[in-house]
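K.L.:
Supplied in structure tokens, the structure appears directly below.
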Amino acid sequence: MISSAARLFERLRSALDVLVREMVKFGLVGAVAFVVDVAVFNLLRFGFGGGGALEAKPLSAKVVSTIAATIVAWLGNRLWTFRHRRRASAQRELVLFFVFNAAGLAIALSCLAFSHYVLDLRTALADNISANGIGLVLGTLFRFWAYRRFVFNTELAQEGLAPAESEVGLSPLR
């Protein structure tokens with residue numbers, strides 16, 4: 001006979017396994033989206049050495065690159081990372097995804113604007129460090145939390161993939 005402590009430990013281990021798998025997949029999807037974001041940003045800002053279409057507009061370039069990366073990330077997270085948590089309504093999910101990406105974009109834009117306009121650091125390296133380094137890291141932490149909590153939040157227990165919260169006494173997913 002398995003003790004209640006052993007059952008609780010197994011449920012917690014199972015919940016941790018799910019979290020770790022989601023984090024790894026989220027990271028891989030994010031890496032692909034990061035490449036898209038940085039490539040589009042730099043192409044728009046700097047072109048192929050002679051200046052890009054949005055050379056004098058770094059914030060606009062960041063908005064366009066983030067939209068492209070968001071589409072890539074939504075598809076990767078919906079179809080792979082959180083496929084076991086998808087909502088029935090892809091439209092509602094996409095709207096929430098874009099809302100939280102807009103918040104993540106605001107974080108990155110704040111870092112870029114501060115560096116570019118307040119600190120007057122206007123080199124390609126400075127723009128990339130502020131927008132695609134610091135801003136991206138802070139925005140990514142926020143997005144992972146928001147996606148799990150609000151976008152892809154269908155309970156695993158409903159799909160038979162994890163114990164219900166009431167059985168464990170705590171939420172293994174949040």
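The values are calculated or read from the model by the stated rules, or taken from the named source; none is laboratory data. Because the structure is predicted, anything quoted here is derived from the model rather than measured. Using ideal geometry, Cβ is built from the backbone for each residue, glycine included, and neighbour counts are taken over all protein chains shown.
K.L.:
Please work out which residue is modelled with the lowest pLDDT, limiting yourself to region 141-159 and to residues that are aliphatic (A, V, I, L, M) and out of contact with any Asp or Glu (no Cβ under 8 Å at 6 or more places or on another chain).
P.N.:
Selected residue: L156.
K.L.:
Continuing with the same structure: Scan region 28-52 for residues that are crowded, with 19+ Cβ neighbours inside 10 Å and closer than 15 Å to G104 by Cβ and jot them down.
P.N.:
Scanning region 28-52 gives V29, G30, A33, D37, F41.
K.L.:
Now for a separate question. Quick check: anything in region 24-35 modelled with pLDDT of 90 or more, in contact with a Pro (Cβ under 9 Å, 6 or more places away or on another chain) and more than 17 Å from W145 (Cβ to Cβ)?
P.N.:
Checked region 24-35: no residue is modelled with pLDDT of 90 or more, in contact with a Pro (Cβ under 9 Å, 6 or more places away or on another chain) and more than 17 Å from W145 (Cβ to Cβ).
K.L.:
Next question. Against the definition (touching an Asp or Glu at 6+ places or on another chain (Cβ under 9 Å), on the phi < 0 side of the Ramachandran plot and β-branched (V, I, T)), how does V72 come out, yes or no?
P.N.:
Numbers: touching an Asp or Glu at 6+ places or on another chain (Cβ under 9 Å): yes; on the phi < 0 side of the Ramachandran plot: yes; β-branched (V, I, T): yes.
It is true that V72 is touching an Asp or Glu at 6+ places or on another chain (Cβ under 9 Å), on the phi < 0 side of the Ramachandran plot and β-branched (V, I, T).
K.L.:
Here's something else I'd like to know. Just for region 135-148: of the residues that are touching a Leu at 6+ places or on another chain (Cβ under 9 Å) and not aromatic (F, W, Y), which one is surrounded by the most Cβ atoms within 10 Å (Cβ to Cβ)?
P.N.:
G135
K.L.:
Go through region 58-86 and give me each residue that's more than 18 Å from S110 (Cα to Cα), in a helix (DSSP H, G or I) and among the basic types (K, R).
P.N.:
Hits for region 58-86 are R78, R83, R85.
K.L.:
Scan A69, A108, A131 and give me the residue that is in contact with a Gly (Cβ under 7 Å, 6 or more places away or on another chain) and buried (at least 16 other Cβ atoms within 10 Å of the Cβ).
P.N.:
A108
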